[in-house]
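J.: Here it is, the structure in full.
The values are calculated or read from the model by the stated rules, or taken from the named source; none is laboratory data. All of these numbers come straight from a predicted model, not from anything done at the bench. Here Cβ is always computed from backbone atoms with ideal geometry, including for glycine, and neighbour counts include all displayed protein chains.
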């Protein structure tokens with residue numbers, strides 16, 4: 001890893017790792033993600049006998065100073081939603097209308113295939129997500145779920161049938177490339193940001209579509225069982 005330069009693996013120890021971690025100014029959850037590649041390297045080194053003991057056994061992340069998250073929950077209001085949807089071209093409109101009225105993660109939304117959808121019954125099976133062009137498993141067992149579709153979400157799918165149903169593939173396509181979306185970042189750059197700018201709406205990150213859904217459900221007196229708007 002670049003952070004350790006040409007340090008031989010046998011010289012890596014808990015103190016060096018701890019000093020490196022202490023330079024970060026982020027939440028512990030982020031540090032866990034940062035450490036994932038290094039943990040994998042150390043695990044391989046243990047297998048081949050480079051370490052007698054796992055250096056991570058001597059590291060307690062709880063001892064690090066907790067950094068308050070700067071993340072701001074700022075859902076869109078109904079006026080902003082209507083402005084966005086009325087401004088968007090058809091396939092982009094369908095994509096974000098479905099996002100606003102299901103609360104799905106964008107990676108789950110672009111992983112949705114027509115075979116997962118039961119329009120007659122008004123349900124969608126969430127079975128996969130797409131990250132950087134690759135199909136990946138969902139985060140937890142509970143992420144594999146059956147979602148009852150609100151009328152606005154269902155109408156978005158019905159409108160989207162015209163564009164992609166014949167392909168018998170993914171529900172939502174990048175209309176410029178006429179192919180499925182490759183990941184959340186592509187959706188953000190190619191659809192979300194341009195649409196916010198065009199509609200003259202203050203920038204929010206793409207995850208705010210989930211917060212918007214949660215906000216609408218709370219306002220309506222209904223919060224979906226198990227829904228966690230702060231989930232990754």
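J.: Just give me the residues in the range 121-135 being without any contact (Cβ under 8 Å) to a residue 12 or more places away in the chain and either closer than 13 Å to residue 105 by Cα or in a loop (DSSP other than H, G, I, E, B) (or both), in sequence order. Walk me through it before giving the result.
T.: As a first pass, look at the range 121-135 and keep what is without any contact (Cβ under 8 Å) to a residue 12 or more places away in the chain: 121, 134.
Selection gives 121 alone.
J.: Out of curiosity, is residue 163 in contact (Cβ under 8 Å) with a residue 12 or more places away in the chain, under 25 Å from residue 194 (Cα atoms) and either part of a loop (DSSP other than H, G, I, E, B) or in contact with a helix residue (DSSP H, G or I) (Cβ under 6 Å, 6 or more places away or on another chain) (or both)? Don't jump to the end; show me each part of the working.
T.: Values: in contact (Cβ under 8 Å) with a residue 12 or more places away in the chain: yes; under 25 Å from residue 194 (Cα atoms): yes; either part of a loop (DSSP other than H, G, I, E, B) or in contact with a helix residue (DSSP H, G or I) (Cβ under 6 Å, 6 or more places away or on another chain) (or both): yes.
Answer is yes for this residue.
J.: Another question, then. Residues of the range 23-33 being touching a residue at least 24 places away in the same chain (Cβ under 8 Å), more than 10 Å from residue 61 (Cα to Cα) and loosely packed, with under 13 Cβ neighbours inside 10 Å, which ones?
T.: Selection gives 25 alone.
J.: Among the residues of the range 100-117, are any at pLDDT 95 or above, more than 13 Å from residue 212 (Cα to Cα) and more than 21 Å from the chain's Cα centre (by Cα)?
T.: Among the residues of the range 100-117, at least one is at pLDDT 95 or above, more than 13 Å from residue 212 (Cα to Cα) and more than 21 Å from the chain's Cα centre (by Cα), which makes the answer yes.
J.: Among the residues of the range 143-158, which ones are in contact (Cβ under 8 Å) with a residue 60 or more places away in the chain and either in contact with a strand residue (DSSP E or B) (Cβ under 8 Å, 6 or more places away or on another chain) or not in a helix (DSSP H, G or I) (or both)? Before the answer, list the steps.
T.: First pass over the range 143-158, keeping only residues in contact (Cβ under 8 Å) with a residue 60 or more places away in the chain: 156-157.
The one that is in contact (Cβ under 8 Å) with a residue 60 or more places away in the chain and either in contact with a strand residue (DSSP E or B) (Cβ under 8 Å, 6 or more places away or on another chain) or not in a helix (DSSP H, G or I) (or both): 157.
J.: Name the helices (runs of 4 or more DSSP H) wholly inside the range 1-120 in which the number of residues that are in the same structural domain as residue 189 (by TED's automatic domain parsing) is 2 or more. Don't jump to the end; show me each part of the working.
T.: Numbers: elements: 14-21, 28-47, 78-87, 90-100, 106-109.
In the range 1-120, the matching helices (runs of 4 or more DSSP H) lie at 78-87, 90-100, 106-109.
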